[in-house]
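The values are calculated or read from the model by the stated rules, or taken from the named source; none is laboratory data. No experiment lies behind these values; they were computed from the predicted model shown. In this analysis, Cβ positions are derived from the backbone assuming ideal geometry, glycine residues included, and neighbour counts consider all displayed protein chains. Calculation scope for accessible area: heavy atoms of the full protein, side chains included, ligands and nucleic acids excluded. Shrake-Rupley method; radii C 1.70, N 1.55, O 1.52, S 1.80 Å.
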Amino acid sequence: MKTPREIIQDVVKQAKPFNPEGETAQAPYQPRQVVLSRGSSLTPAPVRWLWKHWLARGKLHILAGPPGQGKTTIAMSLAATVSTGGMWPDGTQCEPGNVLIWSGEDDPADTLLPRLIAAGADPARCYFIEGVREAGEVHPFDPAIDFARLEAAAKEVGDVRFLLVDPVVSAVAGDDNKNSGVRRSLQPLVDLAAKIDLAVLGISHFSKGGAGNDPTSRVVGSVAYSAVARVVMVAAKMPNSANGSNRVLARSKSNIGPDNGGFEYSTDQIEILDGIQASYVKWGNAIEGNARDLLAEPEETGERPGELSDIMELLKGELVDDNWTPANDVKKRIEQMGFTNKQVWKASTKLGVIRKKVDMTGGWYWRLPPGTGNTEAEKDA
């Protein structure tokens with residue numbers, strides 16, 4: 001005969017765990033475990049580009065620069081291109097898709113939509129994130145906590161290819177100068193990009209001072225912003241441009257492609273409706289060089305008096321006929337004489353050297369502009 005203690009133990013063994021919903025109890029709690037993937041079980045996959053080497057699907061990007069350089073206008077141009085399947089500044093075509101736009105600084109009706117229209121966007125493919133509905137009430141959208149809800153909304157819209165967060169600091173809860181906190185805050189944004197397979201662009205600013213430093217290091221706030229982003233783009237004036245007034249959109253960092261080169265651009269105003277003006281971007285030529293050199297102030301070059309003229313004469317000697325000459329060969333020979341790449345670039349710009357790229361994978365070629373007196377035709381004249 002069982003004792004009372006043994007009877008109680010039998011009852012406990014046979015009894016199901018208490019469940020107030022009347023359903024079968026869940027499996028016992030399992031401790032957290034690390035999930036590993038064997039390399040041999042994975043298949044190498046290429047980066048899926050929305051704009052090759054500039055905007056990648058499933059990745060976070062940062063666009064930074066000083067105030068007044070048209071960063072939001074650039075972002076509207078990119079969004080417009082996605083919405084219509086238009087042409088990128090390099091002449092390649094984008095697959096059309098829907099875009100999501102959240103801005104904590106500009107009003108959609110009187111600022112953002114007019115800029116989209118000026119850029120030729122399809123407004124039916126552009127969705128502005130205005131708030132979050134909860135318990136019948138609409139509350140302001142908070143990028144720091146509402147990404148799960150945004151994921152659901154994006155899936156409902158479907159075919160979303162591009163998300164703008166302006167400014168990206170809005171996605172960070174707490175001190176945006178602390179690396180660990182910034183990384184944790186940006187992770188939901190990174191996860192959203194991967195889950196929806198869209199390109200996320202966050203807009204930021206340059207910190208004060210630091211002219212001449214690597215532009216990536218000038219992104220305001222923690223270095224984690226630039227570290228987490230796969231591509232960092234900068235928009236700023238280009239002091240060494242031929243007319244002294246052009247601006248440049250350049251890559252200053254990329255973990256998934258080339259980290260140099262860019263495009264000249266300027267901004268202009270257009271009347272889209274009676275009494276409604278909007279700014280838009282006018283894209284210019286493709287340019288070569290790294291962002292630090294392209295954005296360097298003239299006084300930072302430190303050349304001796306007459307040194308720039310010497311380099312210009314050397315360039316005339318290297319580019320002596322009507323043929324296109326590989327730019328890397330020219331720069332290498334002049335740099336071997338003790339000059340820097342930055343000085344060569346400045347001298348070539350002042351000289352008005354014409355540049356072209358044979359294709360997207362080939363190198364750059366230079367030639368002298370007409371009127372320098374060094375082409376064969378001009379020598380014979």
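Odds and ends about this structure:
- Inclusion of Asp159 among residues that are open to solvent by less than 40 Å² (accessible area, probe 1.4 Å) and over 17 Å from Ala229 (Cβ atoms) is not warranted.
- When Asp175 is tested against (1) at pLDDT 90 or above; (2) more than 22 Å from the chain's Cα centre (by Cα); (3) acidic (Asp, Glu), only condition (1) is not met.
- Counting only residues that are within 19 Å of the chain's Cα centre (by Cα) and open to solvent by less than 100 Å² (accessible area, probe 1.4 Å), the range 35-51 holds 4 of them.
- Answer residue from the range 174-208, given it is in a helix (DSSP H, G or I) and in contact with an Asp or Glu (Cβ under 7 Å, 6 or more places away or on another chain) and is surrounded by the fewest Cβ atoms within 10 Å (Cβ to Cβ) among those: Lys195
- Unmet requirement for Ala80, which otherwise passes all of (1) closer than 21 Å to Asp197 by Cβ; (2) open to solvent by 60 Å² or more (accessible area, probe 1.4 Å): (2)
- Filtered residues of the range 83-107 (kept if part of a helix (DSSP H, G or I) and either surrounded by 17 or more Cβ atoms within 10 Å (Cβ to Cβ) or under 17 Å from the mean Cα position of the chain (by Cα) (or both)): Ser83
- Verdict on Lys71 being of a type in the set (D, E, K, R) and at pLDDT 95 or above: no
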